[in-house]
Ligand SMILES: Nc1ncnc2c1ncn2[C@@H]1O[C@H](COP(=O)(O)OP(=O)(O)OP(=O)(O)O)[C@@H](O)[C@H]1O
Ligand SMILES: [Mg+2]
């Protein structure tokens with residue numbers, strides 16, 4: 001699909017805001033050294049909805065996702081070269097922003113579940129303790145609440161002191177989600193959270209994502225198109241570092257308005 | 001990039017192509033049946049009427065086949081966008097074709113009855129109605145096959161014209177009924193039912209024509 005994007009508008013229409021906006025991307029351009037990974041990105045992500053990012057490998061989904069909690073800060077030469085990203089109206093890259101605190105407010109769950117080599121309980125308590133919580137009872141409550149919200153409590157309540165590595169892949173992934181929500185973030189970023197899970201574990205995580213949207217804003221990157229249609233309220237399609245189309249999921253997958261979107265989601269690419 | 005290009009998954013591609021082939025076959029047979037019924041009525045000939053009646057079974061079978069194959073595609077390949085709209089549109093077109101073929105069968109039955117009756121009823125009024133209904137259905141199917149939204153757009157007005165012609169025909173028949181002496185009452189009924197069947201075929205053609213715009217959708221190449 002060469003040059004096709006050149007004729008596209010730089011501002012794919014943002015869906016009518018039915019919900020309050022939490023994240024806003026304005027005219028964003030992002031580079032790794034001299035190479036441009038994202039350009040002309042304008043996007044408004046509504047609060048307490050699930051927004052999915054789809055697009056072929058290398059189109060910049062993870063880069064944008066990591067931009068939302070400044071995970072790119074750790075990459076040499078990676079920087080915003082134009083535009084800005086706002087979280088509830090505040091520029092995330094303002095020098096006054098504490099990136100560590102930001103990452104508590106904008107949590108992240110990765111493709112490979114990455115529990116610490118500690119007990120199930122400690123995996124969740126750890127983040128709370130780092131955050132300055134010392135009250136044992138409050139920590140215990142928060143651990144239980146997060147495990148319940150992550151739909152894992154019933155499966156682990158009798159083995160909280162056992163190693164997190166004794167859990168199945170799907171349980172480990174839900175543990176990581178519990179860990180991320182224990183600190184009560186407002187946004188939860190997920191980069192291919194189910195790609196290492198079997199269909200049943202995937203269904204559990206998808207159900208969980210759906211439930212999480214009652215309290216959190218979820219932004220999920222997925223290569224699984226059916227997953228995007230199942231879990232998300234809105235879908236953004238990226239191609240070659242550009243946002244091609246952003247629309248309510250049902251509409252994007254039934255009547256996309258851009259031929260690039262059509263070609264990609266129907267599998268007629270290239 | 002061409003959205004009409006092949007799907008990467010060849011099995012999916014083949015299934016979509018097979019579904020489209022079934023749809024075209026069903027449209028072809030339905031139009032044939034209608035053509036046979038027209039000949040049977042206008043030429044007062046029993047044989048073609050019988051063909052229109054008998055071949056309706058084939059259309060019913062294709063309708064069932066299209067439904068089964070569309071369901072299988074939905075279950076196996078989860079079509080989206082243009083593919084999804086094509087599958088859904090094909091199911092709806094199939095329903096309309098099945099009903100249009102039922103109407104052709106009705107015309108066949110009435111044509112047989114007319115041909116067997118001794119009287120010579122007024123067939124001149126029917127001729128243009130047949131002309132319009134057949135052309136409308138044929139164009140509606142062709143517009144969908146070729147994604148010709150302009151052709152599809154003409155159908156709406158043409159169907160209104162057919163409706164008017166249908167009403168005018170009914171008037172002609174009811175007005176001339178008392179005056180006419182050499183036409184049996186059952187033949188008048190045959191004419192009325194054929195007229196109504198043609199009007200309904202126009203309605204199905206209109207429904208099919210509307211699927212073209214749905215199929216093409218908002219994506220602009
Ligand atoms: N650390 C890095 N250093 C240099 N270039 C990078 C780095 N990370 C990503 N890129 C480049 O930026 C572009 C976007 O990459 P990104 O990882 O955001 O894509 P993606 O859409 O998440 O792809 P995938 O679906 O494969 O995960 C790619 O061209 C990639 O090669
Ligand atoms: Mg990625």
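Assorted remarks:
- Shielding value for A:87-97 is 0, the average number of Cβ atoms from other chains within 10 Å of each residue's Cβ.
- The protein assembly as shown shape via C-alpha gyration tensor axes, a/c threshold 1.5: prolate
- Packing-based exposure ordering (other Cβ within 10 Å, fewest first) of A:266, B:174: B:174, A:266
- Contact order normalised by residue count of chain A, Cα under 8 Å, 6+ apart, percent: 27
- The range A:225-257-the range B:88-104 distance, computed between alpha-carbon centres (Å): 32
- Counting Cβ atoms of other protein chains within 10 Å of each Cβ in B:5-11 and taking the mean gives 3.
- Tensor-based shape of the range B:88-135 (alpha-carbon gyration tensor, a/c under 1.5 rounded, otherwise prolate or oblate): oblate
- Compared with the rule-of-thumb size 2.2 N^0.38 Å for a compact globular protein, the range B:3-216 has a Cα radius of gyration ratio of 1.13.
- Note on residue A:76 and residue B:61: with the Förster distance fixed at 56 Å, the Cβ-Cβ geometry gives a FRET efficiency of about 0.25.
- Legend: ranking of residues A:217, B:125 from fewest to most surrounding C-beta atoms inside 10 Å; resulting order B:125, A:217.
- Share of Cα-Cα pairs in chain A lying beyond 31 Å, as whole percent: 26
- Here the spin labels are modelled as points 7 Å beyond Cα on the Cα-Cβ line, and at residue B:17 and residue A:94 they lie 5.9 nm apart.
- The calculated 222 nm mean residue ellipticity attributable to helices in the protein assembly as shown amounts to -18500 deg cm²/dmol, summing -39500 (n - 2.57) over DSSP H runs of n ≥ 4 and dividing by all residues.
- Put in line by how crowded their Cβ is, counting other Cβ atoms within 10 Å and starting with the fewest, A:237, A:68 read A:68, A:237.
- Shielding by other protein chains, B:73-84, mean Cβ within 10 Å: 5
- Cβ-derived FRET efficiency at R0 22 Å, residue A:215 paired with residue A:130, nearest 0.05: 0.50
- Our note on the geometry: Cα centres of the range A:27-93 and the range B:1-42, 46 Å apart.
- Beta bridges per DSSP with both ends in the protein assembly as shown, % antiparallel, nearest 5: 60
- Computed over chain A with a Gaussian network model linking Cα atoms closer than 10 Å, the most mobile of A:216, A:239, A:126 is A:126.
- Normalising the average separation of contacting C-alpha pairs (under 8 angstrom, six or more residues apart) by the number of residues puts the relative contact order of chain B at 27 percent.
- Efficiency of FRET between residue A:269 and residue B:157 - r from beta-carbon atoms, R0 45 angstrom, step 0.05: 0.70
- Taking chain B as a Gaussian network of alpha-carbon nodes connected by springs under 10 Å, the highest mean-square fluctuation of the residues B:78, B:204, B:166 belongs to B:78.
- The range A:129-180: C-alpha gyration tensor shape, a/c 1.5 cut-off, then a/b vs b/c: prolate
Read the figures in this text as sums done on the coordinates, not as results from a lab. These numbers were taken from a predicted model, which means no experiment stands behind them. So basically every Cβ, Gly included, is an ideal-geometry build from the backbone, and we count neighbours across all protein chains shown.
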